[in-house]
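The structure appears below as structure tokens.
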Amino acid sequence: MAEAAAEQRRLASVVESWQGRPVLVIGDAMLDEWRFAESDRLCREAPAPVLTLRRRISAAGGAANTAVNIAALGGRALLVAPVGADVAGDELHDCLDRAGVWDRTVNQPGRPTPLKRRMLAGNQILLREDSGEPDDPLDPEGVQRLLTALDCATEELCAVAGGEAPTMVVCDYGLGALPAPVRAWLVANRERYATVALDAHDLADWRGLAPTVVTPSFAEATRLLARAARRSGGTELHLDHPDGDPADGPSELTVGAAPGDRTTRAEDSPAVRTSTGPTGPDPAGTGPTGEPTPGEGRVAMTGDGLSVTATGVTVNAAAGEGVDRAMLAESRLAELHAHTGADVVAVTLDTEGAVVGAADGERRRSHSTPVPASHAVGAGDAYLAAMTLALAAGAPLSTAAQLAQLTATITVSDTGTCVCRREDLLSALDQPVRDAEHPVVVDGDELSAIVAAQRDAGRSVIFTNGCFDVLHRGHVRYLEQARALGDLLIVAVNADESVRRLKGPDRPVNPVEDRATLLAALSCVDHVVVFEEDSPAALIEVVRPDVYVKGGDYPPEMVPEAPLVRRLGGQVRTLGYVPDRSTSRIIERIRTHSQERETDPSMSSKPS
């Protein structure tokens with residue numbers, strides 16, 4: 001039980017660590033429209049239901065939904081995508097604004113916003129109407145505006161991150177938002193992004209990007225392997241199976257020719273898109289390439305559950321009991337790494353979860369729960385968002401895979417486009433979540449009730465105190481480290497008169513209302529309480545912390561409150577500050593700079 005709780009806290013700490021992380025999303029943005037209707041009779045003209053519209057909702061889809069999920073999970077999402085000057089485009093802008101996504105989309109007059117309109121009755125999708133096709137390409141001026149927006153957005157996020165390289169997510173669903181010049185720009189500017197995630201229907205177009213992670217579906221992964229085999233002249237790709245299992249016979253992935261198979265070389269066919277090589281665009285077509293044919297997108301399990309078939313691609317596993325899509329995907333991970341250039345490959349298997357592998361051979365298998373199709377729209381976007389944020393935050397592969405699958409699973413509880421909120425994810429990890437019922441800044445009576453409720457839920461309480469007069473990086477790092485020691489971090493801050501008694505008549509610089517508000521804005525702080533006394537002893541008696549934390553390099557035995565905390569059954573920890581980061585030093589630098597301005601006339605003439 002304790003180990004499970006510790007694991008949940010570890011996962012939650014990763015969720016907390018990606019708070020505010022800047023992420024650029026580029027790709028095919030669309031609008032999802034859901035029309036909920038009722039039907040109690042058939043029409044006389046045909047055996048079709050007569051529908052009465054009861055409710056209509058709109059949601060961001062495609063790349064826009066990935067951006068919405070990143071923002072909902074706590075990241076700072078910025079979307080660059082072409083959007084039409086139409087009603088669907090206006091609704092998409094509203095969706096992005098409500099979700100807190102930085103909308104840097106590029107207006108494209110004359111090109112419709114891709115729209116997927118679903119009609120449902122009894123939560124059953126009856127039909128889907130799509131508009132916005134690849135036949136609506138960006139004109140040269142539109143491409144240039146998109147490239148300009150990309151460059152500006154990258155600089156904007158870099159500035160937000162204090163000069164650090166931002167994260168990027170590429171969502172290429174074949175709707176024309178990422179033509180060859182844009183792909184070439186992204187490949188050429190790859191070094192400007194620390195972490196790059198790629199979700200593309202046609203992975204062959206992106207070989208030169210060298211992404212951190214790719215998340216193909218089983219159909220997309222199979223199609224890439226099929227094309228690779230065709231171009232190498234092979235007809236079969238044999239699957240490896242574990243030794244010592246005589247019941248498992250030799251299965252194979254047989255690659256045939258799709259209808260209208262292009263027997264000419266890629267460079268000779270105008271219908272085949274240019275692929276990218278290890279260092280950029282590959283005009284010679286040395287890698288697997290080509291626009292998916294309509295049949296290639298159809299991959300389905302046969303009745304025996306042992307075979308997967310598609311036009312041009314047949315996976316025959318009938319000779320081996322227990323061979324399924326997960327085993328097939330895992331056996332091809334090394335080739336998928338080679339063909340995509342990705343560090344991490346996550347093959348998503350819809351209702352069967354995912355198979356995730358790193359370039360060093362590490363493998364992870366995650367599982368999901370089957371749900372109606374109307375519940376799973378956009379679940380892949382949620383999976384991609386969490387996987388990207390976790391890897392960008394430095395989480396190991398196993399952790400990223402766990403959080404991504406959990407995020408996707410949370411989203412499929414109801415009909416509609418899937419979005420996972422940070423609060424939902426933390427709740428699934430049994431971690432406390434801020435809400436309106438329990439504000440961050442509380443008084444002593446509220447604090448007592450909150451602590452009692454947390455104790456009843458089996459959660460540990462961390463307590464610290466201080467003046468926090470001028471909040472700086474040392475404080476933030478210290479509080480983040482303190483929060484990692486348990487489930488709930490309570491910060492007690494000295495009132496103004498208390499600070500004067502402790503620090504002198506010229507302190508505090510900032511009144512307690514400002515200091516408490518700034519502390520409450522930190523994601524690592526759960527509650528802030530103000531106390532008038534010079535010592536927090538009375539609050540410690542109320543809170544009875546599991547861990548009491550103080551800043552400094554001295555041993556815990558020197559903390560004045562240590563005997564009280566231990567008598568109440570708690571531990572005492574001391575955490576060091578960031579060197580040369582203290583309120584006193586900051587105030588000293590401000591005063592020194594002010595004196596220099598007063599004594600140097602040339603400085604006083606400069607703008608502040």
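The values are calculated or read from the model by the stated rules, or taken from the named source; none is laboratory data. Remember, predicted model here, so these are calculated numbers, not experimental data. Counting neighbours? That spans all protein chains shown, and the Cβs are built from the backbone with ideal geometry, glycine included. Heads up: the accessible areas ignore ligands, DNA and RNA and are worked out on the full protein's heavy atoms, side chains in. Shrake-Rupley method; radii C 1.70, N 1.55, O 1.52, S 1.80 Å.
Listed by position, the strands (runs of 3 or more DSSP E) inside region 326-368 whose residues that are charged (D, E, K, R) number at least 3 are 363-366. Checking each residue in region 187-208 for being surrounded by fewer than 24 Cβ atoms within 10 Å (Cβ to Cβ) and assigned to a helix (DSSP H, G or I) picks out Val187, Ala188, Arg190, Glu191, Arg192, Gly208.
Whether a residue is open to solvent by less than 20 Å² (accessible area, probe 1.4 Å), of a type outside the set (Val, Ile, Thr) and either modelled with pLDDT of 90 or more or closer than 21 Å to Tyr548 by Cβ (or both) was assessed, and Leu502 does not pass this test. Every condition in (1) free of Cβ contacts under 8 Å to residues at least 40 places away in the same chain; (2) outside any helix (DSSP H, G or I) holds for Ser398 except the one numbered (2). Do we have Arg573 as farther than 22 Å from Val499 by Cβ, modelled with pLDDT of 60 or more and either among the polar types (S, T, N, Q) or in a strand (DSSP E or B) (or both) here? Against the criterion (farther than 22 Å from Val499 by Cβ, modelled with pLDDT of 60 or more and either among the polar types (S, T, N, Q) or in a strand (DSSP E or B) (or both)), Arg573 qualifies. Of all residues in region 385-399, those satisfying the criterion of being closer than 16 Å to Arg422 by Cβ and not polar (S, T, N, Q) are Ala385, Ala386, Met387, Leu389, Ala390, Ala392, Ala393, Ala395.
Among the residues of region 357-369, those that are open to solvent by 20 Å² or more (accessible area, probe 1.4 Å) and closer than 22 Å to Asn65 by Cβ comprise Ser368, Thr369.
Total residues in region 128-186 satisfying the condition of being charged (D, E, K, R), in a loop (DSSP other than H, G, I, E, B) and farther than 15 Å from Arg76 by Cα: the figure is 4. Name the single residue, out of those in region 166-180 being modelled with pLDDT of 95 or more and out of contact with any Pro (no Cβ under 8 Å at 6 or more places or on another chain), that is farthest from Val25 (Cα to Cα). So, considering only residues that are modelled with pLDDT of 95 or more and out of contact with any Pro (no Cβ under 8 Å at 6 or more places or on another chain), the one farthest from Val25 (Cα to Cα) is Cys171.
Looking across region 109-126 at every residue that is surrounded by fewer than 16 Cβ atoms within 10 Å (Cβ to Cβ) and either in contact with a helix residue (DSSP H, G or I) (Cβ under 8 Å, 6 or more places away or on another chain) or more than 15 Å from Gly89 (Cβ to Cβ) (or both), the one that is modelled with the lowest pLDDT is identified as Asn123.
Scanning region 322-355 for residues that are over 20 Å from Ala226 (Cα atoms) and β-branched (Val, Ile, Thr) turns up Val344, Thr351. Note on region 14-39: among residues that are out of contact with any Lys or Arg (no Cβ under 8 Å at 6 or more places or on another chain) and over 30 Å from Glu91 (Cβ atoms), the one that is modelled with the lowest pLDDT is Ser17.
Among the residues in region 87-108, are any more than 27 Å from Leu73 (Cα to Cα) and of a type in the set (A, V, I, L, M, F, W, C)? So far as region 87-108 goes, yes, one or more of its residues are more than 27 Å from Leu73 (Cα to Cα) and of a type in the set (A, V, I, L, M, F, W, C). Taking the criterion of being crowded, with 16+ Cβ neighbours inside 10 Å, touching a helix residue (DSSP H, G or I) at 6+ places or on another chain (Cβ under 6 Å) and among the polar types (S, T, N, Q), the only residue of region 435-488 that qualifies is Thr464. Go through region 209-219 and give me each residue that's over 18 Å from Asn65 (Cβ atoms) and open to solvent by 10 Å² or more (accessible area, probe 1.4 Å). Listed by number, the residues that qualify are Ala210, Thr212, Phe218, Ala219. In the set Val50, Val83, only one residue is farther than 17 Å from Gly416 by Cβ and surrounded by fewer than 24 Cβ atoms within 10 Å (Cβ to Cβ); that residue is Val50. Annotation for region 69-78: at least one member residue is open to solvent by 40 Å² or more (accessible area, probe 1.4 Å) and within 24 Å of Asp151 (Cα to Cα). Here is the figure for region 154-180: residues that are in contact with a strand residue (DSSP E or B) (Cβ under 6 Å, 6 or more places away or on another chain) and farther than 25 Å from Trp18 by Cβ total 2.
Let's see how each residue does on (1) under 30 Å from Gln481 (Cα atoms); (2) surrounded by fewer than 23 Cβ atoms within 10 Å (Cβ to Cβ); (3) not charged (D, E, K, R):
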position	(1), (2), (3)
Gly20	yes, yes, yes
Arg35	no, yes, no
Asp90	no, yes, no
Asn107	no, yes, yes
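Considering only region 370-394, state which residues are surrounded by fewer than 23 Cβ atoms within 10 Å (Cβ to Cβ), assigned to a loop (DSSP other than H, G, I, E, B) and on the phi < 0 side of the Ramachandran plot. Residues satisfying the conditions are Pro370, Val371, Pro372, Ala376, Ala393.
Among residues that are acidic (Asp, Glu) and over 16 Å from Leu522 (Cβ atoms), Asp445 is included.
Scoring Ala404 on the criteria (1) in a helix (DSSP H, G or I); (2) out of contact with any Phe, Trp or Tyr (no Cβ under 6 Å at 6 or more places or on another chain) leaves a single failure, condition (2).
Go through the residues of region 422-438 one by one and say whether even a single one is hydroxyl-bearing (Ser, Thr, Tyr) and in contact (Cβ under 8 Å) with a residue 40 or more places away in the chain. No, because not a single residue in region 422-438 is hydroxyl-bearing (Ser, Thr, Tyr) and in contact (Cβ under 8 Å) with a residue 40 or more places away in the chain. Of note, Asp103 does not satisfy the criterion of being open to solvent by 60 Å² or more (accessible area, probe 1.4 Å), under 28 Å from Gly162 (Cα atoms) and either aliphatic (A, V, I, L, M) or free of Cβ contacts under 8 Å to residues at least 40 places away in the same chain (or both).
Residues that are at pLDDT below 60, surrounded by 13 or more Cβ atoms within 10 Å (Cβ to Cβ) and of a type in the set (Lys, Arg) do not occur anywhere in region 542-555. Condition check for Glu129 on (1) open to solvent by 70 Å² or more (accessible area, probe 1.4 Å); (2) within 24 Å of Arg21 (Cβ to Cβ): one failure, at (2). Each residue in region 411-432 was checked for being aliphatic (A, V, I, L, M), assigned to a loop (DSSP other than H, G, I, E, B) and out of contact with any His (no Cβ under 8 Å at 6 or more places or on another chain), and 2 pass.
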